[in-house]
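Peer 1: Got a structure for you, written out below as structure tokens; questions coming shortly.
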Amino acid sequence: MSAERPLRHKQLYLQGGDVVFRVDNLLFRLHSYFFTRESAHFRDLLLHTSSFGDEVKSSSDDCPIILENCTPSEFTTFCWVFYNPRYSLYEATVEQWATILRLAQMWEFREVIQLAFRELDKIEVEPVMRIHLYQKNSIDSERLEHAFEALATRPDPLTEEEGQLLGIKTFARIVHARELARLGGSTITPNPLRVSTVDLRAILARVGLSPLRTQTNGINTGVHAATGPQSAPLLAQPAHRQFGDHRGGSLTVPATPLETIPETPSSTSSDSPPSYDRSTNGRHLTGNTVGKLAPSWSVKVNTSKRG
């Protein structure tokens, strides 16, 4: 199956043109004069030396000059600089001028580069967008000095959307510049932050860096209360036994360790675990091992009155 035949551009396939360019699947027939006049790149691409001097290489629809690293839309925008029907009036968007500037730099059009810079300087553009467009089109960052200054000194912090446009490298550098500017430009390591844990957690929650939430009186506070190290949960306390005295009152003494032994089935095996016999109030153990190691015990309470 043969390749798809390219189409001719509706406006920029000119009958008086002497060179045919192909960008993707679109043909442009233009005047070589505009391209060889100031671009060393196109002079090498289009001209060849003969006995009659420099001549334009022959080209046609079947044998066009193929251009890469641009789209048909971008090349159309670039050619508008030469074929603008309104003399000396160049009304284009900042995105279009940024595209023209990128191609002019790539193809070494010195005068077109200066034209694009002059027109870009006339357009009011937000600093973040100007930086984004210049970086996207590989424009010299030296011309972004005012944009960087504006972002470093503005009172509002940078947003996530702006960070995505700037890219992580530029975003981090601007944030660093903002911090240094608020320290008076000092490069010395600053003193430790004087902020409480509560305030710091509130700050982190406000900027979206605290995923956990707590409830206070039914209200979502968005941060944890800073109450210091968390206490371990209280363990269940052992039961207490009551002992009667001669006045009908009672004294409380802690339960003995013996009473905390879990009940297990009795066994006659010497290796069997001990079992607790409740009928003797815990004073008798079955099982050879524990029977030898756990002596009987008693608790005496002196309830006599002192004279």
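Peer 1: Which pairs turn up if I take residues in the stretch 158-187 that are hydrophobic (A, V, I, L, M, F, W, C) and look for partners that are part of a loop (DSSP other than H, G, I, E, B) and surrounded by fewer than 16 Cβ atoms within 10 Å (Cβ to Cβ) with beta carbon separation below 6 Å, at least 6 apart in sequence or on another chain?
Peer 2: From residues that are hydrophobic (A, V, I, L, M, F, W, C), the pairs are Leu183/Pro190.
Peer 1: On the basis of being more than 30 Å from Glu4 (Cα to Cα) and surrounded by 13 or more Cβ atoms within 10 Å (Cβ to Cβ), does Ala40 make the cut?
Peer 2: For Ala40, the condition - more than 30 Å from Glu4 (Cα to Cα) and surrounded by 13 or more Cβ atoms within 10 Å (Cβ to Cβ) - is not met.
Peer 1: Exactly one condition in (1) more than 30 Å from Asn25 (Cβ to Cβ); (2) among the β-branched types (Val, Ile, Thr); (3) modelled with pLDDT under 90 is false for Ile139; which is it?
Peer 2: If we test Ile139 against (1) more than 30 Å from Asn25 (Cβ to Cβ); (2) among the β-branched types (Val, Ile, Thr); (3) modelled with pLDDT under 90, just (1) comes out false.
Here's the yes/no breakdown for (1) open to solvent by less than 70 Å² (accessible area, probe 1.4 Å); (2) modelled with pLDDT of 90 or more; (3) under 21 Å from Thr71 (Cβ atoms); (4) outside any loop (DSSP other than H, G, I, E, B):
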| residue | (1), (2), (3), (4) |
| --- | --- |
| Leu120 | yes, no, yes, yes |
| Glu162 | yes, yes, no, yes |
| Phe171 | yes, yes, no, yes |
| Glu179 | no, no, no, yes |
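Peer 1: Consider Leu45 carefully, then state whether it is modelled with pLDDT of 95 or more and either hydrophobic (A, V, I, L, M, F, W, C) or open to solvent by 30 Å² or more (accessible area, probe 1.4 Å) (or both).
Peer 2: no
Peer 1: Taking Val56 as the residue in question, decide whether it is open to solvent by less than 20 Å² (accessible area, probe 1.4 Å), more than 32 Å from the chain's Cα centre (by Cα) and either at pLDDT below 90 or under 30 Å from Asn25 (Cβ atoms) (or both).
Peer 2: Judged against the criteria, Val56 is not a match.
Peer 1: Quick one: how many residues across the stretch 96-114 are of a type outside the set (Val, Ile, Thr) and open to solvent by less than 20 Å² (accessible area, probe 1.4 Å)?
Peer 2: 7
The values are calculated or read from the model by the stated rules, or taken from the named source; none is laboratory data. Every value quoted in this text rests on a predicted model; they were computed, and no experiment measured them. Please note: Cβ atoms are built from the backbone with ideal geometry, for glycine as well, and neighbour counts cover all protein chains shown. Each accessible area value is taken on the protein alone, full model and side chains, heavy atoms only, with ligands, DNA and RNA left out. Shrake-Rupley method; radii C 1.70, N 1.55, O 1.52, S 1.80 Å.
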